[in-house]
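The values are calculated or read from the model by the stated rules, or taken from the named source; none is laboratory data. Bear in mind the structure is a predicted one, so any value in this text is a computation, not a measurement. Note: ideal-geometry Cβ built from the backbone for every residue, glycine included; neighbour counts use all protein chains shown. Remember, those area values only see protein heavy atoms, side chains included, never the ligands or the DNA or RNA. Shrake-Rupley method; radii C 1.70, N 1.55, O 1.52, S 1.80 Å.
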Amino acid sequence: MIASIDTSLIDWSRAQFALTAMYHWLFVPLTLGLGVVQAIMETIYYKTGNEFWKKTAQFWMKLFGINFAIGVATGLILEFEFGTNWSNYSWFVGDIFGAPLAIEGILAFFMEATFIAVMFFGWDKVSKRFHLASTWLTIIGATLSALWILIANAWMQYPAGMRFNPDTVRNEMFDFWAVALSPVAINKFFHTVLSGWITGAVFVIGISSWYLLKKRETKFALESIKVGAVFGLAASILIVWTGDGSAYQVAQKQPMKLAAMEGLYEGNNGTGLVAIGLLDPRKTSYKDNVNPFIFDIKIPKLLSLLAERDVDAYVPGIVNLIEGGYMTNEGTVALSAAEKIEKGQVAIRALADYRTAVKNKDLEAASQARTLLDENFAYFGYGYIKDPASLIPHVGLTFYSFRIMVILGGYFILLFIVALIWSKKGKFSDARWLQWASLWTIPLAYIAGQAGWIVAEVGRQPWAIQDILPTSASVSKLATSSVQTTFFLFLLLFTILLVAEIGIMVKAVKKGPSVNQELKIKN
């Protein structure tokens with residue numbers, strides 16, 4: 001069976017990393033969202049002294065703990081894969097990429113590990129104030145963990161604060177804050193964390209609706225729905241703002257990704273945003289004359305507004321980005337892909353010439369080669385590109401994933417509004433249609449999150465680091481069979497973990513937060 005599948009090392013390495021990342025992202029959003037929900041509920045308990053809120057917080061905390069433990073396992077494997085499968089990448093940029101990951105491990109992870117024990121086992125053993133602080137510090141630690149990982153990921157999308165050292169053939173950080181506070185990193189952090197909050201809110205409303213369908217734990221369910229709806233609606237409103245910022249950053253830093261998101265082949269001024277569209281599968285090349293869409297409905301000039309903050313601004317399409325020659329909004333003429341590839345090849349040759357000159361102690365030749373390298377290093381990664389068409393990411397996957405994410409985001413806002421209104425009017429307990437809708441929305445939250453990451457990661461291909469290092473030059477020298485074997489081992493392992501988590505959670509949900517007994521998590 002394996003022999004019938006594409007066995008190229010790059011494809012299998014990408015597949016393994018994608019597998020690990022997508023499984024990991026099944027656990028992280030719930031950790032981020034449910035952690036805040038449980039902390040809010042414990043805060044209400046601290047303020048009111050009502051034991052009902054203590055038991056409510058403990059129940060959601062139990063589900064948080066199950067999810068958190070399994071998420072850690074997949075996250076550790078994900079980080080190890082940078083060294084095993086992507087050693088060239090790790091060598092080339094490890095001095096920069098490793099810094100935020102190290103901070104994540106030293107600061108955030110230890111912060112979580114310190115306070116999570118108090119959060120779970122400290123009920124009635126420490127003061128209410130200290131326990132509440134431990135709960136909030138645990139979720140703050142988890143959020144900080146996400147921050148540093150997302151800073152590392154954002155740097156891959158927009159490499160800033162670095163300089164290339166030709167003597168070591170490594171990129172080195174010279175401005176830590178340019179890396180940590182880049183506009184891409186800040187926007188990615190808030191957008192990603194907010195998506196996790198929405199997942200947590202949807203989960204709380206959905207599980208609570210299950211109790212209402214079973215006519216169990218009615219008060220617990222209705223109060224949890226109120227908290228989840230308010231929290232989810234607030235997160236949904238904020239994510240619209242971060243989504244706008246994300247579109248702007250993509251337009252400025254990764255225009256090819258934006259073009260793929262919109263199925264835009266020919267750019268123009270006052271470009272509309274595709275609200276609904278069906279891509280034509282016969283469109284197989286940017287050179288052919290096939291219309292990209294079978295049909296599409298556009299919102300006039302909205303893409304120009306989102307991309308450049310100007311309704312009449314020019315937005316380049318895939319063809320324009322490959323062929324170049326258009327006038328950018330900065331007033332310069334855009335280079336073609338062929339010109340960038342040529343400059344990248346010049347940079348690679350200059351690096352080789354520099355190292356040879358240094359070895360021969362020819363200082364003048366070394367200086368000339370270094371100057372040529374510096375002048376063309378911005379296009380270094382293009383030197384590894386053989387075909388300009390490979391600079392185009394998978395348009396269909398990027399286009400449809402983006403719309404799935406946006407449409408589901410709009411649906412979540414509607415759900416939170418309806419849930420909040422029905423809860424305020426006391427109608428939620430009788431609205432079985434709404435209860436079923438809320439329950440079946442849980443998997444949709446995960447689909448929206450996965451779709452967002454597909455846009456972010458597939459949309460930036462073929463780059464491991466935008467314009468600096470393509471995926472093809474990042475991979476380790478491994479036997480393809482080794483990567484295939486570990487792929488299927490990880491697939492089996494992660495699936496077992498996922499099934500185990502779902503099984504344990506279902507058992508915990510069925511047991512429920514009994515009002516007749518204290519719900520404690522025992523060591």
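I'd like the carbon and sulfur percentage of the solvent accessible area for the chain, probe radius 1.4 Å, heavy atoms only, ligands and nucleic acids excluded.
65 percent
Please state the shape class of the range 271-338: rounded when a/c is under 1.5, otherwise prolate if a/b exceeds b/c and oblate if not, all from the C-alpha gyration tensor.
oblate
Taking the Cβ of Asn171 as the centre, find all other residues whose Cβ is under 14 Å away and add up their charges (Lys, Arg: +1; Asp, Glu: -1).
Values: positive: Arg163, Arg170; negative: Asp95, Asp167, Glu172, Asp175, Asp374, Asp467.
Taking every Cβ under 14 Å from that of Asn171, the sum is -4.
Can you tell me the FRET efficiency between Val230 and Arg432 if r is taken as the Cβ-Cβ distance and R0 is 30 Å, rounded to the nearest 0.05? Provide the component values of the computation, followed by the final result.
Numbers: r = 23 Å, r/R0 = 0.75.
For R0 = 30 Å, the calculated efficiency reads 0.85.
In the structure shown, do any of Lys125/Lys215; Lys215/Lys511; Lys62/Lys125 have a Cα-Cα gap over 24 Å, and if so which?
Too far apart for the 24 Å limit: Lys125/Lys215.
Would you kindly find the accessible area of Ser481, with a 1.4 Å probe and non-protein molecules such as ligands, DNA and RNA excluded, rounding to the nearest 10 Å²?
70 Å²
Using just the C-alpha positions of the range 308-465 as equal point scatterers, what log10 of I(q)/I(0) does the Debye formula give at each q in 0.08, 0.16, 0.20 1/Å?
-0.47, -1.00, -1.21
Would you work out the charge dipole size for the chain about its Cα centre, treating the Cβ of every Lys and Arg as +1 and the Cβ of every Asp and Glu as -1, and quote it to the nearest 20 debye?
Dipole magnitude for the chain comes out near 2420 debye.
Of the peptides 213-219, 19-25, how do they stack up when ordered by the mean number of other Cβ atoms within 10 Å, highest first?
The peptides rank, most packed first, as 19-25, 213-219.
For Asp167, tell me the accessible area in Å² from a 1.4 Å probe, rounded to the nearest 10.
90 Å²
Calculated from DSSP H runs of 4 or more alone, at -39500 (n - 2.57) each and per residue, what is the 222 nm mean residue ellipticity of the chain, nearest 500?
On the way: 17 runs with 349 residues, N = 523.
It lands at -23000 deg cm²/dmol.
Which lysines, if any, have their Cα less than 17 Å from the Cα of Lys226, not counting same-chain residues under 8 positions apart?
Lys54, Lys55, Lys424, Lys425, Lys427
Find how many whole Å separate the alpha carbon centroid of the range 110-158 from the alpha carbon centroid of the range 191-259.
So the two Cα centres are separated by 20 Å.
Sort 451-462, 189-200, 381-392 for me by packing, meaning the mean count of neighbouring Cβ atoms within 10 Å per residue, highest on top.
So the order, starting with the most tightly packed, is 189-200, 451-462, 381-392.
Return, for the Cα atoms of the chain, the radius of gyration and Dmax in Å, separated by a comma.
25.3, 84
How large is the accessible surface per residue of the range 422-462, computed with a 1.4 Å probe and reported in Å² as a whole number?
Values: 1950 Å² over 41 residues.
So the range 422-462 comes to 48 Å² accessible per residue, rounded to a whole number.
Taking the Cα centre of the range 416-523 as origin and charging only Cβ (+1 Lys, Arg; -1 Asp, Glu), how large is the dipole, in debye to the nearest 20? Present the calculation step by step, with values, prior to reporting the outcome.
Numbers: 11 positive and 5 negative charges, 118 e Å.
Dipole size: approximately 560 debye.
How would you classify the range 435-491 from its alpha-carbon gyration tensor, with a ≥ b ≥ c the square roots of the eigenvalues: rounded for a/c under 1.5, else prolate if a/b is greater than b/c, otherwise oblate? Provide the component values of the computation, followed by the final result.
Working: a/c = 6.67, a/b = 1.68, b/c = 3.96.
It comes out oblate by the Cα gyration axes.
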